[in-house]
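Working notes, beginning with the structure itself.
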Amino acid sequence: MAIEPIGGPGGAERSGKAPGRESQPAAVDSKRREAADRLELSESARQIKSLVDRVRELPEIRESRIEELKHALADGTYRVDPKRVAESLVEFEDGLVR
């Protein structure tokens, strides 16, 4: 098996440029990129961005409240209001549909 040196038959030139590619002025290349660069978000991406923005608006986690709930769960004193849970689930589902 023979290994051909760089710039040998079928290899790239030492300049680092691909064979047959000519150098273009930077201004022309830059203008092409500006004209070609474009971003369009799909509807799904817009919805995700909206949800991310809404999450960022949420208040910070209240460590003291979390500790209270942990103790209430451990003590057996935490009570769940099923009506409140159901209302929250319905409200959450309505938010997903919009």
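Some notes on this structure:
- Residue within the range 57-64 that is open to solvent by 100 Å² or more (accessible area, probe 1.4 Å), among the aliphatic types (A, V, I, L, M) and assigned to a loop (DSSP other than H, G, I, E, B) present: yes
- Tally of residues being open to solvent by 100 Å² or more (accessible area, probe 1.4 Å) and either charged (D, E, K, R) or at pLDDT below 90 (or both) across the range 30-53: 11
- Filter result for the condition that a residue is exposed (fewer than 10 other Cβ atoms within 10 Å of the Cβ) and either within 23 Å of residue 96 (Cβ to Cβ) or modelled with pLDDT of 90 or more (or both), over 10, 76, 16: 76
The values are calculated or read from the model by the stated rules, or taken from the named source; none is laboratory data. Being a predicted model, the structure only gives us computed values, none of them experimental. Every residue, glycine among them, receives a Cβ derived from its backbone with ideal geometry; neighbour counts consider all protein chains shown. Just so you know, the surface numbers come from the protein's heavy atoms only, side chains and all, with ligands and any DNA or RNA stripped out. Shrake-Rupley method; radii C 1.70, N 1.55, O 1.52, S 1.80 Å.
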